[in-house]
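A short write-up of the structure that comes next.
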Amino acid sequence: MIRVTGTIVIDDGEIRESFIRSSGPGGQNVNKVATAVQLRFDVRKSRSLGDDVRERLARLAGRRMTGDGVLIIESRRFRTQERNRQDARDRLAALIRKAAEPPRPRRRTLPRPEARERRLESKRRRGGIKRERGRVAPSEA
């Protein structure tokens, strides 16, 4: 059981872990022991997450989310299975914790009057330049 926030708890039954061989450090052990972990969490079928958290999590996960809504986290930073397993679980909890935070509402702002006046003045200047381009005096034609 992973306690993510005060209200969100992920049951171990919702997480599937498989161990794979890891590249990198490990000496002779690297060819014998599957120390890397691949954690799978089905976001769409999870009863632990609300709809708003589920949507934000899907957006945050990006390419780590499959088309079926399964979040895949791989960890191979450490030499032991247990530390990689804990690292993957911690990363899952951190991602869900981040998705659980509702986004701050945007406060509408208006441009300052000086900025608006500068913008309008530059438009007037540019319009004047364009107006001058098209005219040809009758004597020059």
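FYI, it's all coordinate maths here, none of it is from the lab. On a predicted model such as this, the values are computed, not experimentally measured, just so you know. Glycine also receives a Cβ, built like all others from the backbone with ideal geometry; neighbour counts cover every protein chain displayed.
In the range 71-100, how many are of a type in the set (D, E, K, R), touching a residue at least 60 places away in the same chain (Cβ under 8 Å) and in contact with an Asp or Glu (Cβ under 8 Å, 6 or more places away or on another chain)?
So the first thing to find is which residues in the range 71-100 are of a type in the set (D, E, K, R), and the list is 74, 76-77, 79, 82-83, 85, 87, 89-91, 97-98.
Retained after the next criterion (residues that are touching a residue at least 60 places away in the same chain (Cβ under 8 Å)): 85, 89, 97.
From the residues that got through so far, the ones that are in contact with an Asp or Glu (Cβ under 8 Å, 6 or more places away or on another chain) too are 85.
So the answer is 1.
Examine the range 81-100 for a residue that is within 19 Å of the chain's Cα centre (by Cα), within 28 Å of THR7 (Cβ to Cβ) and of a type in the set (S, T, N, Q), and state whether such a residue exists. Even if it seems obvious, please write down each step before you answer.
Restricting attention to the range 81-100, the residues satisfying the condition of being within 19 Å of the chain's Cα centre (by Cα) are 87-100.
If we keep only those that are within 28 Å of THR7 (Cβ to Cβ) too, we end up with 87-100.
Those left that are additionally of a type in the set (S, T, N, Q): none.
Scanning the range 81-100, I find no residue that is within 19 Å of the chain's Cα centre (by Cα), within 28 Å of THR7 (Cβ to Cβ) and of a type in the set (S, T, N, Q), so the answer is no.
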(message) Take the residues in the range 33-42 that are surrounded by fewer than 20 Cβ atoms within 10 Å (Cβ to Cβ) and not acidic (Asp, Glu); name whichever of them is nearest to ASP11 (Cα to Cα).
(response) ARG40
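Look at LYS123 and say whether it is without any contact (Cβ under 8 Å) to a residue 12 or more places away in the chain and either assigned to a helix (DSSP H, G or I) or within 30 Å of SER18 (Cα to Cα) (or both).
Values: without any contact (Cβ under 8 Å) to a residue 12 or more places away in the chain: yes; either assigned to a helix (DSSP H, G or I) or within 30 Å of SER18 (Cα to Cα) (or both): yes.
Yes, satisfied.
Take the range 43-101 and flag every residue that is part of a helix (DSSP H, G or I), among the small types (Gly, Ala, Ser) and surrounded by 17 or more Cβ atoms within 10 Å (Cβ to Cβ).
To start, the set of residues in the range 43-101 that are part of a helix (DSSP H, G or I) comprises 51-64, 81-100.
Within this subset, residues satisfying the condition of being among the small types (Gly, Ala, Ser) are 58, 61-62, 88, 93-94, 99-100.
Those that are part of a helix (DSSP H, G or I), among the small types (Gly, Ala, Ser) and surrounded by 17 or more Cβ atoms within 10 Å (Cβ to Cβ): ALA61, ALA88, ALA99, ALA100.
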